[in-house]
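The values are calculated or read from the model by the stated rules, or taken from the named source; none is laboratory data. Since the structure is predicted, the reported quantities are computational estimates derived from the model, not experimental observations. Methodologically, a virtual Cβ is constructed for each residue, glycine included, from the backbone with ideal geometry; neighbour enumeration extends over all protein chains shown. Areas reflect the complete protein model, heavy atoms only, side chains present, ligands, DNA and RNA absent. Shrake-Rupley method; radii C 1.70, N 1.55, O 1.52, S 1.80 Å.
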Amino acid sequence: MTHNDIDTLVKSWIVDAATGPANPRVQAITLRLVSDLCKAMEDLDIQPAEFWTGLDFLSRAGTSHELGLLAPGLGLERFMDIRADEAEAKAGLNGGTPRTIEGPLYVAGAPESDAFARLDDDSESAQAEVLLMQGIVYDQQGKPLPGAKVEVWHANLLGNYSHFDQSQSAFNLRRTIYTDAQGRYQFRSIMPKGYGCPPNGCTQYLLDLLGRHGQRPAHIHFFISADGQRQLTTQINIDGDEYLWDDFAFASREGLVPAVTRISEPAAIAANDLRQPFASIDFDFHLYADTTAAPTSQIERSRAAA
């Protein structure tokens with residue numbers, strides 16, 4: 001069957017078979033996706049057993065809540081970022097902090113504080129390296145943004161996230177910080193570790209078939225927002241990680257790997273009310289002003305909430 005034949009056939013199923021009002025956008029997307037799938041079935045000679053195996057795989061991935069891992073693992077979430085970058089560049093927006101993927105593990109409602117927050121609940125302090133991270137949130141003209149909202153979340157030493165990992169306290173390693181009058185934020189936490197997909201999960205099963213690993217470098221997620229500014233969704237990766245430039249989720253980007261400084265001077269330790277050496281990361285965020293020339297930066301999607 002030719003591609004033109006397939007287009008005609010699928011149109012008869014999706015468009016011509018409609019007997020009532022249809023949502024034009026949903027209709028157009030469904031028509032395209034079903035047509036492309038049918039063409040792939042024809043071109044690749046996909047057999048019925050392969051089709052049903054694939055459908056069963058997607059069902060299992062949905063039941064185990066791994067579709068949010070499959071999307072970045074197959075590059076789809078990165079592709080959405082590439083398209084968003086292109087749209088902003090077309091609108092004349094350049095030079096801001098790079099965006100990168102959100103991932104599936106944000107939880108709304110984290111405790112709020114002004115200028116400073118401690119993220120960790122002290123449960124891993126004996127094994128962890130203390131991290132202090134600080135910086136300034138700027139607007140497009142380089143002016144500090146007082147009251148900017150810095151939402152931050154990351155994994156514990158086992159690579160697990162609170163809320164999804166019931167062994168952790170509520171909102172462990174999650175906070176919302178509002179910048180001070182000079183646009184500054186700071187938090188104390190523990191240095192995160194890299195981690196991998198669930199070894200017996202659907203995502204890792206597919207990655208194994210593709211000859212790929214499912215590892216992520218250590219990283220810290222952020223939502224940065226302020227009045228009149230486009231929301232930034234990004235993350236920083238921890239320099240020196242084995243998978244820094246080999247992230248299975250394709251989220252590593254130039255400009256998002258700040259230097260890590262190890263500080264052991266007694267005066268600096270005491271000045272930060274600590275009792276041991278610590279790691280320090282300086283990182284500023286640069287936002288774009290709101291504009292109608294680019295698609296919205298507020299992404300509507302299903303997210304967890306405590």
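For V150, indicate whether it is more than 30 Å from L67 (Cβ to Cβ) and out of contact with any His (no Cβ under 6 Å at 6 or more places or on another chain). Break it down into steps so the answer makes sense when it comes.
Values: more than 30 Å from L67 (Cβ to Cβ): no; out of contact with any His (no Cβ under 6 Å at 6 or more places or on another chain): yes.
For V150, the condition - more than 30 Å from L67 (Cβ to Cβ) and out of contact with any His (no Cβ under 6 Å at 6 or more places or on another chain) - is not met.
Among the residues of the stretch 43-52, write down those that are open to solvent by less than 90 Å² (accessible area, probe 1.4 Å) and either under 30 Å from R253 (Cα atoms) or not small (G, A, S) (or both). Walk me through it before giving the result.
From the stretch 43-52, those open to solvent by less than 90 Å² (accessible area, probe 1.4 Å) are 46-49, 51; that's our starting set.
Hits for the stretch 43-52 are I46, Q47, P48, F51.
In the stretch 251-268, which residues are under 30 Å from P104 (Cα atoms) and assigned to a loop (DSSP other than H, G, I, E, B)?
Filtering the stretch 251-268 down to residues under 30 Å from P104 (Cα atoms) leaves 251-261.
Across the stretch 251-268, the qualifying residues are A251, S252, R253, E254, G255, L256, V257, P258, A259, V260.
I need the full set of residues from the stretch 72-95 which are in a helix (DSSP H, G or I) and touching a residue at least 24 places away in the same chain (Cβ under 8 Å), in order please. Walk me through it before giving the result.
Of the residues in the stretch 72-95, the ones in a helix (DSSP H, G or I) are 72-73, 76-90.
Matches in the stretch 72-95: P72, G73, E77, R78, A84, A87, E88, K90.
What strands (runs of 3 or more DSSP E) lie completely within the stretch 111-196 and have 1 or more residues being modelled with pLDDT of 95 or more and crowded, with 17+ Cβ neighbours inside 10 Å?
Qualifying strands (runs of 3 or more DSSP E): 116-118, 130-138, 149-153, 174-178, 184-190.
Check the stretch 65-85 and report whether any residue there is open to solvent by 40 Å² or more (accessible area, probe 1.4 Å), of a type outside the set (K, R) and farther than 26 Å from S252 by Cβ.
no
All but one of (1) farther than 14 Å from H221 by Cα; (2) of a type in the set (D, E, K, R); (3) open to solvent by less than 40 Å² (accessible area, probe 1.4 Å) hold for E102; state the number of the condition that does not hold.
E102 satisfies every listed condition except (1).
Contact list please: Cβ distance under 7 Å, first residue in the stretch 1-14 and closer than 16 Å to A40 by Cα, second residue polar (S, T, N, Q) and assigned to a helix (DSSP H, G or I), pairs at least six apart or on different chains.
I6/S35; D7/S35; V10/S35
Among the numbered criteria (1) out of contact with any Leu (no Cβ under 6 Å at 6 or more places or on another chain); (2) at positive phi, which one does N160 miss?
Condition (2) is where N160 drops out.
Consider only pairs whose beta carbons are under 6 Å apart and that are at least six residues apart or on different chains; among these, list those whose first residue lies in the stretch 171-192 and is closer than 20 Å to G109 by Cβ and whose second residue is among the aromatic types (F, W, Y).
Correct list of pairs: R174/W153; I177/Y185; T179/Y185.
I'd like to verify a number: residues in the stretch 13-37 that are open to solvent by 80 Å² or more (accessible area, probe 1.4 Å), outside any loop (DSSP other than H, G, I, E, B) and not basic (K, R), how many?
So the first thing to find is which residues in the stretch 13-37 are open to solvent by 80 Å² or more (accessible area, probe 1.4 Å), and the list is 13, 16, 19, 21, 23-26, 32-33, 37.
Cutting the leftovers down to outside any loop (DSSP other than H, G, I, E, B) gives us 13, 24-26, 32-33, 37.
Next, from what is left, pick out any that are not basic (K, R): 13, 24, 26, 33, 37.
Residues meeting the conditions: 5.
Identify all residues within the stretch 206-217 that are in contact (Cβ under 8 Å) with a residue 12 or more places away in the chain and more than 10 Å from G196 (Cα to Cα); write none if there are none. Walk me through it before giving the result.
As a first pass, look at the stretch 206-217 and keep what is in contact (Cβ under 8 Å) with a residue 12 or more places away in the chain: 206-207, 212-217.
Across the stretch 206-217, the qualifying residues are L206, L207, R212.
Can you tell me which residue among Q235, Q276 is assigned to a loop (DSSP other than H, G, I, E, B) and of a type in the set (S, T, N, Q)?
Values: Q235 fails: assigned to a loop (DSSP other than H, G, I, E, B).
Only one candidate passes the filter, namely Q276.
Among the residues of the stretch 268-304, which ones are free of Cβ contacts under 8 Å to residues at least 40 places away in the same chain, surrounded by 14 or more Cβ atoms within 10 Å (Cβ to Cβ) and among the polar types (S, T, N, Q)?
Listed by number, the list is empty, since nothing qualifies.
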